[in-house]
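Student: Please find one structure pasted underneath; my questions will follow.
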Amino acid sequence: MDGSQHWPGVDAARTEYLEAGGWRVLRFWGREVLGQADLVLDAIWNATREPALSPGPSPGGRGELRKKANDDE
């Protein structure tokens, strides 16, 4: 909950940073939390039902690097 501190540029950078770490970001205005808590809770609940964010696998995968290193021996 950010209250009145929503700034598109700052929010986008913060969201990108958090999502890169596997976090899901939901943003609500303070007035929504205080005046429509049931809708906010529904949105949070629905978000928990969606598949979790996770970073994609490393390019080539680590197993490929180990296998190649062993092949060179």
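Student: Restricting attention to region 18-33, does a residue exist that is modelled with pLDDT of 85 or more and loosely packed, with under 10 Cβ neighbours inside 10 Å?
Tutor: Looking through region 18-33, at least one residue is modelled with pLDDT of 85 or more and loosely packed, with under 10 Cβ neighbours inside 10 Å.
Student: If you take the residues in region 34-62 that are touching a helix residue (DSSP H, G or I) at 6+ places or on another chain (Cβ under 8 Å) and within 23 Å of residue 8 (Cα to Cα), which one is modelled with the lowest pLDDT?
Tutor: Per the criteria, the residue is 53.
Student: Pairs, please: C-beta under 6 Å, at least 6 apart or cross-chain, first residue at positive phi and in region 9-35, second surrounded by 12 or more Cβ atoms within 10 Å (Cβ to Cβ) and not aromatic (Phe, Trp, Tyr)?
Tutor: Close Cβ pairs (under 6 Å, with a partner that is surrounded by 12 or more Cβ atoms within 10 Å (Cβ to Cβ) and not aromatic (Phe, Trp, Tyr)) amount to 22/53.
The values are calculated or read from the model by the stated rules, or taken from the named source; none is laboratory data. Everything numeric in this text was worked out from a predicted model, so none of it was measured. Positions of Cβ are generated from backbone atoms using ideal geometry, with glycine treated the same way; all protein chains shown enter the neighbour counts.
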